[in-house]
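Chemist: Take this structure first; my questions come after.
What follows draws every value from the coordinates through simple rules; no lab data is involved. These numbers were taken from a predicted model, which means no experiment stands behind them. All Cβ positions, even for glycine, are placed from backbone atoms using ideal geometry, and neighbour counts span all protein chains on display.
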Amino acid sequence: MQQESKTAVGTGRRQLIAVLLQGGQYELDWQEETLQSDSEFSGQALQDELYKLFRENPDEFLLDLALKRQKETLSESLRFLQRMGTAFVRGMARHPELEGQRDAVVLPLEKEDVQEWLAAAPYLIGSPFLDKNWIEELWGGLHRAFAARVNRHSGSMAQWFVDSGSAFQPAGRVYFHLVESKEGSEFPFSFLSTYAAEEQEAGKTRHLPLKQALVEYGENSGKLLELLSTVHRAAAQSELISELVESGDLFYPIGLTSEEAYDFLREVALYEDAGVLCRIPKWWRSKAHSLKLNVSVGEKQPSRLGADALLSFNAELWLGDEGISAEQLRQLLTEQEGLALIKGKWVEVNHKRLQQALDAYERAEKTAGGSGLSIIEAMKLHMNAERVLQVDSDKVEIEVTNGQWLETVMDRLQQPGSIEALGGAGEDFQASLRAYQERGVSWLHMMKTLGLGACLADDMGLGKTIQIIALLNYIRSVRQERALLVVPASLIGNWMREMGKFAPSLNYYVCHPSENKYIQQADALGEGIQLVLTTYGMLAKHEWLSAQAWDMLILDEAQAIKNPGTKQTKLVKQIKASYRIAMTGTPIENRLGDLWSLFDFLNKGLLGTVKEFGAFTRGLRDSSEGYGRLRQTVSPFILRRLKTDRTIITDLPDKIEMKTYAVLTKKQIVLYNKLVKELQEKLMASEGGIQRKGLVLAALMKFKQICNHPDQYLGQQVYAEPDSGKFARLREICETIYEKRERVLIFTQFKEVTEALQAFLEQIFQHKGLVLHGETPIGKRQELVEAFQGKEYVPFMVLSIKAGGVGLNLTAANHVVHFDRWWNPAVENQATDRAFRIGQQNNVIVHKFITQGTIEEKIDQIIEDKVRLSQEIVPDIQEGWITEMDNDQLLNLMKLTE
């Protein structure tokens with residue numbers, strides 16, 4: 001079972017990724033990637049080895065990952081884990097008490113490290129779990145793994161690092177100290193070497209001058225050579241330390257010139273990697289000595305709002321924590337390189353960095369002297385200031401900050417609760433919005449006011465559709481505008497029902513063959529139409545959709561434009577609109593290429609051209625800080641609430657039931673109408689009684705089969721996706737489930753369709769799934785349950801409703817799909833409770849599939865209206881109540897309606 005689940009289904013390259021879980025936990029999984037070149041196969045052996053290590057010992061896996069030196073072929077998520085693990089190993093190697101305390105060593109988790117990891121984290125599956133507590137739990141796990149590994153090692157800790165293949169040398173007992181001397185001295189810095197005595201006092205380390213070691217061990221003793229081993233490693237790579245050793249100055253306190261101190265400080269990392277512990281001034285490690293260009297945008301509110309509103313712009317130079325003018329910077333360029341004492345503080349004088357900073361400042365001043373920046377340009381500057389101002393990030397630090405007005409706006413966009421509520425969803429709105437939905441509508445309206453494209457990315461089940469309808473209805477109530485809504489064909493019915501239910505006064509036109517005749521021009525719509533609803537496929541067939549300038553353009557299932565090279569994506573991006581909204585329940589951060597395409601639609605230019613963004617993302621492999629800037633750039637334009645968010649979880653039921661409508665394909669319509677006609681003829685010829693009842697029940701079964709897939713009804717085994725509306729809807733739902741690495745149960749009452757569903761779902765999930773039906777041996781059922789509930793990612797299980805409706809505990813799933821309806825709420829609820837029961841820690845979403853215009857929709861409405869619900873529809877009777885209808889009622893129930 002493990003081997004099957006491990007193997008991704010597909011033809012691309014497998015990439016090993018980490019999926020974050022709650023409580024400092026994570027899981028490894030395979031993700032299918034498009035193969036760019038044969039060289040990308042080079043890392044497959046390493047990934048296979050890592051996967052095996054994780055399965056054998058999850059607790060020690062991260063320690064193994066940290067000791068691996070190869071990074072290039074690892075996914076971003078694994079490299080993120082590796083960075084934290086490497087910091088732990090490096091810290092342990094530099095711990096002065098390591099040899100004495102061994103497995104009892106406790107390495108503090110530095111607050112600065114936590115902040116840096118959180119800020120620079122890449123986009124990860126499960127990123128909502130990533131916080132300070134998650135990292136603390138992970139750090140604790142590293143301690144436990146390290147202690148277990150060291151306990152199994154009988155040699156010295158130095159040998160442990162060698163045997164483990166670590167790139168770090170364990171710290172020795174020698175320390176280098178560099179301190180500032182009095183101002184005005186010929187030697188403004190003092191250097192001293194010390195060592196930690198072997199005998200401790202009350203558990204504390206005694207530091208002695210290194211010259212004392214000459215007395216304690218003697219010049220030729222092996223002990224002295226062992227003590228100085230780290231020094232000799234440093235000397236082999238440093239001319240400065242080599243000279244101090246050869247002259248003997250290493251053993252005595254000496255003064256250093258600013259030039260010598262500068263050479264020393266630049267080599268500190270080298271000394272520490274060699275195992276020498278260094279104590280140096282804090283201002284060097286904190287970069288308080290370095291030059292920084294600060295750019296502030298949007299101090300004051302622009303004269304008018306909108307995407308093209310221009311914001312104020314200001315640039316300043318800082319050296320350490322002191323402001324410095326361009327003239328002072330030019331004066332520094334005449335100074336000798338090294339350390340310079342300015343206003344009582346030491347700063348670094350590096351001519352290349354100073355010149356680049358000056359050039360960048362002058363370019364920024366030129367920009368500031370112009371008319372200013374738009375909001376999009378300001379956010380673009382946040383993400384990639386080095387490219388915009390043409391500087392090398394290794395030489396000049398650039399800090400872009402928002403001015404008071406822009407900072408207030410960005411804070412409000414990222415905290416919808418702070419936005420002033422609209423005070424309702426407009427006239428004749430037939431629903432009460434949940435609190436978080438009201439905040440969502442206010443956020444969308446504020447984005448419209450600012451002229452900024454918005455991505456509504458709420459989790460599945462939180463009501464993205466109703467928030468958009470509320471916004472449209474509110475706008476209808478205050479002004480005359482016209483919006484274009486583009487959806488997958490399978491969602492037309494859903495939108496029509498939701499709008500009719502919640503906003504009956506909203507006038508809309510459906511541009512699709514299933515609903516309307518062809519319209520040549522938008523003028524033909526009439527003045528009263530406030531919304532045009534169409535599909536992605538119709539954009540290529542109706543040119544007027546692209547030629548019209550719309551007040552709003554809304555995309556549902558916006559992942560449809562994730563590939564920028566497709567004709568469909570290009571058509572969508574050509575449509576002119578004052579305000580753009582993208583709706584998606586799929587995490588948009590899983591692939592950065594998808595993110596670019598989405599924002600190229602929403603706010604063109606924010607992430608640069610595709611070539612510029614590609615260069616930026618490639619640079620992320622060398623510097624992870626860019627992730628923080630990218631997140632800061634795009635997050636104000638994305639509203640994403642999860643079912644687990646504390647701000648909304650109390651506003652949700654534990655079980656969310658959703659009706660999911662599918663449309664019949666042409667092949668299904670033909671078969672369905674033919675069956676209705678056949679049934680009508682047979683009913684007319686029927687003698688009644690048992691014969692008629694059998695005829696009706698057989699017809700019910702056939703209608704269900706056609707609604708599922710034509711091949712099920714015809715007894716064929718192809719099960720092509722385009723032939724079934726339900727298969728299309730199942731893909732849309734399961735793609736979202738897979739992107740979040742969640743799990744789903746799919747219930748059907750037909751054993752014969754279970755294998756077809758399994759094959760179809762394996763293409764979507766790229767993983768093997770499980771099937772359980774009435775012919776599954778009793779002994780194997782528990783094995784299937786354990787596999788589904790286990791740590792190995794098994795994304796789905798297909799169950800026949802009779803076999804899977806009782807006696808199973810499948811709480812690993814937080815989605816349930818009723819692929820075909822039993823038309824008995826008691827039986828369906830019993831099946832749902834396989835996931836929604838004791839032990840379930842997540843909200844469960846129940847998707848009840850209904851085929852539009854068919855007997856499925858009509859019977860669902862009967863159940864909804866509670867006709868005969870409590871009296872006649874009980875488990876023992878099943879669908880028997882339908883056979884009691886007369887012929888006219890039966891035919892009205894079964895015939896296809898628009």
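Chemist: Kindly express, to the nearest 10 degrees and within the range 0 to 90, the angle between helix 44-56's C-alpha long axis and the longest C-alpha principal axis of the chain.
Modeler: 80
Chemist: Around Q749, which amide H atoms from residues at least 5 apart in sequence, or from another chain, sit under 5 Å from its own amide H, with H modelled in the peptide plane?
Modeler: Here the answer is I801, D820, since their amide H atoms fall under 5 Å of that of Q749.
Chemist: Residues with beta-carbon under 10 Å from that of N473, excluding N473: net charge, scoring Lys, Arg +1 and Asp, Glu -1? Let's see the in-between values first.
Modeler: On the way: positive: R476; negative: E427, D428.
With Lys, Arg at +1 and Asp, Glu at -1, the neighbours total -1.
Chemist: Net charge within 13 Å of E112 by Cβ-Cβ distance, Lys/Arg positive one each and Asp/Glu negative one each, not counting E112 itself? Could the numbers behind the result be given before it?
Modeler: On the way: positive: K111, K132, K282, R285, K287; negative: E110, D113, E116.
So the environment of E112 carries a net charge of +2.
Chemist: Could you tally the net charge around G23, taking each other residue with its Cβ under 15 Å from the Cβ of G23, Lys/Arg +1 and Asp/Glu -1?
Modeler: On the way: positive: K132, R144, K791; negative: E27, D59, D131, E136, E137.
Spelling it out: positives minus negatives among the neighbours equals -2.
Chemist: Could I ask something else about it? How big is the charge dipole of segment 174-275 about its Cα centre, in debye rounded to the nearest 20, if each Lys and Arg gets +1 on its Cβ and each Asp and Glu gets -1 on its Cβ? Write out the running numbers ahead of the final one.
Modeler: Numbers: 7 positive and 19 negative charges, 71 e Å.
Computed about the Cα centre, the dipole is about 340 debye.
Chemist: Right, another one. Which one, P653, L319, Q356, projects farthest toward the positive side of the charge dipole computed for the chain from Cβ point charges (K/R +1, D/E -1)?
Modeler: P653
Chemist: Out of all DSSP beta bridges in the chain, what portion is antiparallel? Express it as a percent rounded to 5. Kindly include the intermediate steps, with their values, before the conclusion.
Modeler: Numbers: 38 of 96 bridges.
Bridges in the chain are about 40 percent antiparallel.
Chemist: Ratio to report: Rg/Rh of segment 116-203, with Cα atoms as the point set and Rh obtained by the Kirkwood method; give two decimals.
Modeler: Radius of gyration over Kirkwood radius for segment 116-203 works out to 1.14.
Chemist: Further question: Once phi is turned into θ = phi - 60°, what whole-Hz ³J(HN,Hα) does the Karplus curve with 6.51, -1.76 and 1.60 give for every residue of segment 825-831, x standing for Gly and Pro?
Modeler: Taking θ as phi minus 60°, the curve returns x, 5, 5, 5, 5, 4, 5 Hz for segment 825-831.
Chemist: Viscosity 0.692 mPa s, temperature 37 °C: what is the translational diffusion coefficient of the chain from Stokes-Einstein with a Kirkwood Rh over Cα pairs, rounded to a whole number of µm²/s?
Modeler: Numbers: Rh = 32.0 Å.
Answer, rounded: 102 µm²/s.
Chemist: Neighbouring Cβ atoms within 10 Å as the yardstick, rank F429, F129 fewest first. Could the numbers behind the result be given before it?
Modeler: Numbers: F429 21, F129 18.
Ascending number of Cβ neighbours within 10 Å: F129, F429.
Chemist: What number do you get for segment 418-644 when its Cα radius of gyration is normalised by 2.2 N^0.38 Å, N = residues? The partial results should precede the final answer.
Modeler: Numbers: Rg = 17.7 Å, N = 227, 2.2 N^0.38 = 17.3 Å.
Expressed relative to 2.2 N^0.38 Å, the Cα Rg reads 1.02.
Chemist: Quick check of the Kirkwood formula: for segment 174-275, what is the inverse mean of 1/r over all pairs of different Cα atoms, in Å?
Modeler: Hydrodynamic radius (Kirkwood, Cα pairs) of segment 174-275 is 14.4 Å.
Chemist: If you don't mind, another one. Please determine, in degrees from 0 to 90 and to the nearest 10, the orientation of helix 58-67 with respect to the longest principal axis defined by the Cα atoms of the chain, where the helix direction is its Cα long axis.
Modeler: 50
Chemist: Just subtract the alpha-carbon distance of L46 and L224 from 0.36 nm times their residue separation and send over the number in nm, one decimal.
Modeler: Details: separation 178, 0.36 × 178 = 64.08 nm, distance 4.12 nm.
Full extension from L46 to L224 adds 60.0 nm.
Chemist: C278's amide H: which non-local residues (gap 5+, or another chain) put their own amide H closer than 5 Å, with H modeled 1.01 Å from N in plane and none for Pro or chain starts?
Modeler: The list, which skips near neighbours in sequence, is F176.
Chemist: From the backbone phi of segment 145-161, what are the Karplus-calculated ³J(HN,Hα) couplings (6.51 cos²θ - 1.76 cosθ + 1.60, θ = phi - 60°) in whole Hz, Gly and Pro given as x?
Modeler: Listing the rounded values in order: 5, 5, 4, 5, 5, 5, 4, 8, 10, 8, x, 6, 5, 4, 5, 4, 5 Hz.
Chemist: Next question. Order these by the 10 Å Cβ neighbour count, fewest first: I863, I376. Kindly include the intermediate steps, with their values, before the conclusion.
Modeler: Working: I863 17, I376 22.
So the residues, fewest neighbours to most, are I863, I376.
Chemist: From the residues Q749, L333, G100, which one has its Cα farthest along the dipole of the chain in the positive direction, the dipole being from +1 and -1 charges on Cβ of Lys/Arg and Asp/Glu about the Cα centre?
Modeler: Q749
Chemist: So what's the gap between the Cα centers of segment 749-812 and segment 705-748, to the nearest angstrom?
Modeler: If we compute the Cα centre of each part, the gap is 15 Å.
Chemist: May I ask you to evaluate 6.51 cos²θ - 1.76 cosθ + 1.60, the Karplus curve with θ = phi - 60°, for each residue of segment 410-424 and list the ³J(HN,Hα) values in order in whole Hz, giving x for glycine and proline?
Modeler: Coupling constants for segment 410-424: 5, 4, 5, 5, 8, 10, x, x, 8, 7, 4, 5, 6, x, x Hz.
Chemist: Rounded if a/c is under 1.5, else prolate if a/b beats b/c, else oblate: with a ≥ b ≥ c from the C-alpha gyration tensor eigenvalues square-rooted, which is segment 569-663?
Modeler: Oblate, since a/c reaches 1.5 and b/c is not below a/b.
Chemist: Let me ask another. If R0 is 41 Å, what FRET efficiency do you get for N829 and K501 from their C-beta distance, rounded to 0.05? It would help to have the intermediate numbers written out before the result.
Modeler: Values: r = 23 Å, r/R0 = 0.57.
Calculated value: 0.95.
Chemist: Considering Cα pairs under 8 angstrom that are at least six residues apart, work out the relative contact order of the chain and quote it in whole percent.
Modeler: Normalised by residue count, the contact order of the chain is 9 percent.
Chemist: With the cut-off at 1.5 for a/c, could you classify segment 657-894 from its C-alpha gyration tensor as rounded, prolate or oblate? If you can, show how the numbers build up before the last one.
Modeler: On the way: a/c = 1.98, a/b = 1.58, b/c = 1.25.
Prolate.
Chemist: Hey, what does the equivalent ellipsoid look like for segment 221-346, semi-axes from the Cα gyration tensor as sqrt of 5 times each eigenvalue, largest first, whole Å?
Modeler: On the way: eigenvalues 417, 64, 22 Å².
Value: 46, 18, 10 Å, ordered largest first.
Chemist: Also: If the only charges are +1 at each Lys and Arg Cβ and -1 at each Asp and Glu Cβ, what is the size of the charge dipole of the chain around the Cα centre, to the nearest 20 debye? Write down the numbers at each step before the final one.
Modeler: On the way: 103 positive and 122 negative charges, 477 e Å.
The dipole magnitude comes to about 2300 debye.
Chemist: Non-local amide H neighbours of H847 (under 5 Å, H modeled in plane, Pro and chain starts lacking H): which ones?
Modeler: It is M658, V816, V817, H818, by chain and number.
Chemist: By how many degrees, between 0 and 90 and to the nearest 10, does the Cα long axis of helix 689-708 differ from the longest principal axis of the chain?
Modeler: Result, in degrees: 30.
Chemist: Still on this structure, I have one more. Would you order M538, M499, M885 from fewest to most other beta-carbon atoms within 10 Å of each residue's own beta-carbon? The partial results should precede the final answer.
Modeler: Details: M538 17, M499 23, M885 14.
Final ranking by Cβ density, sparse to dense: M885, M538, M499.
Chemist: Right, next: Given 5 Å bins starting at zero, what is the percent of C-alpha pairs of segment 291-410 in each, up to the one with the largest pair distance?
Modeler: The calculated distribution, bin by bin, is 2, 11, 22, 21, 16, 12, 8, 5, 2, 1.
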